[in-house]
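Have a look at the structure below, then the notes.
The values are calculated or read from the model by the stated rules, or taken from the named source; none is laboratory data. None of these values were measured; they are calculated from a predicted model. No Cβ is skipped: glycine too gets one built from the backbone with ideal geometry, and neighbour counts run over all protein chains shown. All accessible areas refer to the heavy atoms of the entire protein, side chains included, with ligands and DNA or RNA removed. Shrake-Rupley method; radii C 1.70, N 1.55, O 1.52, S 1.80 Å.
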Amino acid sequence: MSVSSANFRYSPASQLFHWASVLFVGAAWGLGLLGDELPKGSIRHMGEFAHIILGEMVVLLLVLRLVWRFVDPAPRPEPSGFGPLVDIAAKLAHLTLYGLLLAVPAVGLVTLFQGGESLSLFGFYDIPSPWPKNRELKHYAKEFHEFLAHGLIALAALHAAAALVHDRILRDRTLMRMLPAFVENLSDRRQI
């Protein structure tokens, strides 16, 4: 089934922001998990630098995504058939995802600054820490950063699982809304 209505599918820009965020969050999380396992020295430093750049990209994409949302509002949600409580829960999950996309890098920034380190903005400009180095606060900030990051990944996994349930079990168009049109056309051809 191919629907060409502009009200059905997210715009290509929205899709790009979404899938790029998935990629950058996953890569940042993976690097965060591996960070202490990397050999000390230049390899670990490169891993930490990449982790920070990925976090900056997540924030940049979030800002672009929210600005784009005002320019090109999201299509109306597909009716779920589960009732208003599930629809409210889905909206709260989306808002929580957006909040975590901002909170995880923000707490990461606090961790960096509490360690007395400067923030390198995409490798071009350094912002010095506004605070003196505090190992204890850095430790707590790092723990909270990791907790929020794991929460973001868990909620994103739940979000992906819900999209797959919509696609495979409920057989509605929820997942197709965030995929390029050619993916749906390929799917239609395979069913013939």
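Here are some notes:
- Being assigned to a helix (DSSP H, G or I), over 21 Å from His18 (Cα atoms), open to solvent by less than 50 Å² (accessible area, probe 1.4 Å) and not aromatic (Phe, Trp, Tyr) is a property that holds for Val107.
- The single condition from (1) modelled with pLDDT under 95; (2) surrounded by fewer than 14 Cβ atoms within 10 Å (Cβ to Cβ) that Gly26 fails is (1).
- For the residues Ala181, Ala149, Ala160, the requirement of being without any contact (Cβ under 8 Å) to a residue 40 or more places away in the chain and either aliphatic (A, V, I, L, M) or within 18 Å of Asp87 (Cα to Cα) (or both) singles out Ala160.
- The residues listed here are Leu54, Leu97, Leu112, Leu62; of these, the one that is part of a helix (DSSP H, G or I), open to solvent by less than 90 Å² (accessible area, probe 1.4 Å), among the aliphatic types (A, V, I, L, M) and farther than 27 Å from Ala162 by Cβ is Leu112.
- Cβ-Cβ under 7 Å pairs, at least 6 apart or on other chains, region 85-114 side farther than 30 Å from Pro128 by Cβ, far side open to solvent by less than 60 Å² (accessible area, probe 1.4 Å): Val86/Ser80; Asp87/Ser80; Ala93/Leu155; Thr96/Leu155; Leu97/Leu155; Leu97/Ala156
- Subset of region 74-88 [under 13 Å from Ala163 (Cα atoms) and either among the acidic types (Asp, Glu) or in a helix (DSSP H, G or I) (or both)]: Glu78
- Looking across region 1-23 at every residue that is outside any helix (DSSP H, G or I) and open to solvent by 70 Å² or more (accessible area, probe 1.4 Å), the one that is modelled with the highest pLDDT is identified as Asn7.
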